[in-house]
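Report on the following structure.
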Ligand SMILES: C[S@@+](CC[C@H](N)C(=O)[O-])C[C@H]1O[C@@H](n2cnc3c(N)ncnc32)[C@H](O)[C@@H]1O
């Protein structure tokens, strides 16, 4: 599938372009259908704290608030996309069922540990009745991709690979010979247990060729992703999320809240209460995208993810609904990246 690169503007909303970043002062819901398919979505939206205009005041309201956004992410994200969902433990737990039912697969929860300095001097030991909170979480989701079987039923990949082999009427153990392995095909690629492992494109191509040669005769090519064309290794590899591993990085991220030069300031101090560290945004983007990929930041704020993505040569698309935050984000990226090229509405 070719990446759609145009159009990426809602004709009703002007776009500000800074380098490879595209910023819109808009409700993200008005933008999704116009942006190119994302490989990564960084969603740092409401936590249910009522901190910015329109933010729900309780976590109980979050599922309804997020429903249309999550549905759009599912509709438009690439099959190899990753969603990073920021929240508190409770806001995430409350929204998780919405993500799950919309086809997002929970992978892991990463904890942003802001360190003791975050609360130093602010805790009254005589009145506090719990642990001082110095964390937020960023939860990684990938897509629960589905493929059609011969009857048109959409199957999870694990079931689909096995169904395609069974369609050949060949015994299961011949899959090992097909792939030139001792037992990896039966133990990993075709098993239905937790040991299932996403078969590499090469193994899939070998199984497809073997089934075609030795299996039941059929007009539907074996392991065809669309039921019509021959097995496509590149498209198959895109059926799972990208992952670029960094040794030494765990799911606990120690980083102080943003201070100093990085922190965007207004007339009365810090401009935005929720500005995220660029280093964490970079970590998220690097883990699941390559240069040239598309990153979405639906709830821009000061557009930290978009800033990081553009610096890393990704194409970044942000929406921020609030005019003050939007202007500050634009100024920040303009200063940090390049001269803006204003595009016609
Ligand atoms: C938690 S802040 C994001 C902070 C950002 N990660 C940063 O580092 O600056 C969430 C932002 O989303 C914006 N927002 C809320 N609903 C929105 C919507 N429907 N579309 C676009 N922006 C929205 C809010 O105005 C707020 O600035």
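None of the figures in this text is laboratory data; all of them are computed from the coordinates on show. Predicted, not measured: the structure shown is a model, and the values here were computed from it. All Cβ positions, glycine included, derive from the backbone under ideal geometry; neighbour counts span all protein chains shown.
As a proxy for reagent exposure, ranking 293, 27, 268 by other Cβ atoms within 10 Å from fewest up yields 268, 27, 293. Give the percent of DSSP beta bridges with both residues in the chain that are antiparallel, rounded to the nearest 5. Counting only bridges with both partners in the chain, antiparallel ones make up about 60 percent. Springs join every pair of Cα atoms under 10 Å in this Gaussian network model of the chain, and among 211, 40, 288 the largest mean-square fluctuation is at 211.
Counting only alpha carbon atoms, the long axis of helix 89-101 and the longest principal axis of the chain meet at about 40°. Taking other C-beta atoms within 10 angstrom as a stand-in for reagent exposure, 167, 332 fall in the order 167, 332, fewest first. When you count the other C-beta atoms within 10 angstrom of each residue and take the mean per peptide, 138-145, 96-103, 301-308 line up highest first as 301-308, 138-145, 96-103. In plain terms, the residue of 128, 42 with the fewest other Cβ atoms within 10 Å comes first and the most crowded comes last, giving 128, 42.
Given bins 10 angstrom wide, list per bin the percent of all Cα-Cα distances in the stretch 147-237, short to long. Distribution as computed: 18, 58, 24, 1 percent. Kirkwood hydrodynamic radius computed over the chain comes to 22.2 Å, based on all pairs of distinct alpha carbons.
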